[in-house]
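I have placed the structure first, in the form of structure tokens, so that the comments after it can refer back to it.
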Amino acid sequence: MTSTSKTLQVSYASVVVLRVLLSFIFIVASISHFINTENTIQRLEHAKMGYIAQLLGTPKMAVILSGVVMLIAGIALLIGFKTRLAALSLIAVLVPITLAVQIGQVESMGPLFKNIALLGGLLFFSMNSNLTHNQ
């Protein structure tokens with residue numbers, strides 16, 4: 001059985017728009033992690049699966065570390081620098097945040113599916129690193 005790779009042509013401008021718009025939520029969230037650190041820590045501590053964040057140490061350490069990663073990777077995604085690495089870094093932050101804060105909270109189904117949609121956008125860029133000249 002042979003494996004063939006199918007290609008699809010898309011507008012470069014549409015990829016840039018997707019990349020830029022996708023980056024904004026991570027940049028804004030990172031700033032919130034720094035400005036509203038205590039509120040973010042409380043949300044994490046009160047989440048049903050907030051204990052997942054303790055894998056990184058204290059809740060404060062998890063909030064600050066995730067904020068740093070989201071800021072750096074979000075800016076990299078915004079400007080199209082190392083898009084695959086930026087997307088993979090954001091996935092590494094998004095999945096534990098989603099598991100810790102969104103899973104098990106019936107009232108937060110909207111944010112859960114928002115995070116799933118964000119994951120789809122990040123997977124797009126992690127699987128298609130040839131979309132920018134600044135990989």
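The values are calculated or read from the model by the stated rules, or taken from the named source; none is laboratory data. Not measured: the values here are computed from a predicted model. Counting neighbours? That spans all protein chains shown, and the Cβs are built from the backbone with ideal geometry, glycine included. Just so you know, the surface numbers come from the protein's heavy atoms only, side chains and all, with ligands and any DNA or RNA stripped out. Shrake-Rupley method; radii C 1.70, N 1.55, O 1.52, S 1.80 Å.
Numerical summary
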read-out	value
Positions within the range 1-27 being more than 14 Å from residue 97 (Cβ to Cβ) and within 18 Å of the chain's Cα centre (by Cα), in sequence order	15, 16, 17, 18, 19, 20, 21, 22, 23, 24, 27
Residues that are open to solvent by 50 Å² or more (accessible area, probe 1.4 Å) and assigned to a helix (DSSP H, G or I), drawn from the range 66-95	68, 71, 72, 75, 78, 79, 84, 85, 88, 92, 95
Qualifying residue in the range 13-27 (condition: open to solvent by 90 Å² or more (accessible area, probe 1.4 Å), free of Cβ contacts under 8 Å to residues at least 60 places away in the same chain and either touching a Lys or Arg at 6+ places or on another chain (Cβ under 8 Å) or farther than 15 Å from residue 124 by Cα (or both))	yes
Pair list, Cβ under 8 Å, 6 or more apart: the range 50-67 residue free of Cβ contacts under 8 Å to residues at least 60 places away in the same chain and under 11 Å from residue 100 (Cβ atoms), other residue loosely packed, with under 15 Cβ neighbours inside 10 Å and of a type in the set (Asp, Glu)	59/45
